[in-house]
Amino acid sequence: MRFAVLMRKQNLDNPWVSYRWVPREVLPDFGEFSSNQSKVISGKFLDRDADGESWLFTGYELDLFLDEAEGYYLNVSATKPCWFVMWRLEEDIERYIEDQSLPLARSEANIAVPHRICVSYNEAARLLDGGESVDTIPMSDEHASWLQEYVNDHYRPESKKRHKPASFKGAERPAEK
C-alpha cells in the first residue's frame, strides 16, 4: 500500500526555539496527492496559518513482513495503535521538494522529511536505538482493524517453556577418577 505523510511546522511561543516539526497524519495515497507513483519521496507545501505550515510528503510504501508479526501484535494490542514515522531534518532539500514549493523551502535552513513509516513496535524501537527521530501518530480504526486482521492471520506467540530452577539442575562437578 502507498501512503503520504502530513508534516506540520508548528510555531512555538518560546524564547529559544521558534518552531518544531511534528508528523500529523498518515494518509492512504491512491494517486490523488501526486501524479508521481514512484517510490521517490516528494514533498510539497500545502498551507500556512497563524499556528504554522503544513507540508505533504508522498512516496511511502508499507509492506508487512512475517518476521515482524510480534511488533504488529504489540502495536494493535496497545491502548491506542499508532503509526511510527521516522524523519530527519534535511539540508539538501532539492532532492525531496517539488519544484513549485522549492522557493519557499529554500527560505528555511532545513526541512523535516519523513523517510520511513512503519507499524511495528520492534522496528520503531530499532530505529530509535539507532539514533533516528521517530514520532507516533494515532492510527484510524480502519487501519487498526486491517492490521489486527494481519496479526490474527500471521502471529502465533511463542510457547513459554518452564525452566527448572537452578537448585534442581545439580552441581557441576568434575568426574571422579
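Values computed for the structure shown
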| quantity | calculated |
| --- | --- |
| 22 Å tail of the calculated P(r), segment 2-156, as % of Cα pairs | 44 percent |
| Estimated 222 nm signal from helices in the chain, with DSSP H stretches of n ≥ 4 weighted -39500 (n - 2.57), rounded to 500 | -6000 deg cm²/dmol |
| Förster-model FRET efficiency, 30 Å R0, R48 and K80, C-beta, rounded to 0.05 | 0.50 |
| Sequence-separation-based contact order of the chain, relative, with Cα cut under 8 Å and 6+ spacing, percent | 22 percent |
| V22 paired with L62, simple spin-label distance in nm, labels 7 Å along Cα-to-beta-carbon | 2.1 nm |
| Ranked list, fewest to most other Cβ atoms within 10 Å of each Cβ, for F3, F65 | F65, F3 |
| Hz values of 3J(HN,Hα) by residue in segment 44-60 - Karplus curve (6.51, -1.76, 1.60), Gly and Pro given as x | 9, 6, 9, 6, 9, 9, 4, 8, x, 10, 10, 10, 10, 10, 10, x, 9 |
| Label zone at E142, where the point sits 7 Å out along the Cα-to-Cβ direction: segment 13-28 residues whose backbone N lies under 19 Å | 24-28 |
| Residue of E91, E70, E158 that the Gaussian network model of the chain assigns the largest fluctuation, springs spanning Cα pairs under 10 Å | E158 |
| Burial ranking of peptide ranges 9-18, 96-105 (average Cβ count within 10 Å, highest at the top) | 96-105, 9-18 |
| Centroid-to-centroid separation of segment 146-163 and segment 39-94 [C-alpha atoms, Å] | 26 Å |
| Most fluctuating residue given options E108, E68, E53, as computed from a GNM of the chain linking Cα atoms under 10 Å | E108 |
| Most fluctuating residue given options W83, W55, W146, as computed from a GNM of the chain linking Cα atoms under 10 Å | W146 |
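Every number here is computed from the coordinates shown, using simple stated rules; none is lab data. Only a predicted model underlies this, so the values are computations on that prediction, with no experimental measurement involved. All Cβ positions, even for glycine, are placed from backbone atoms using ideal geometry, and neighbour counts span all protein chains on display.
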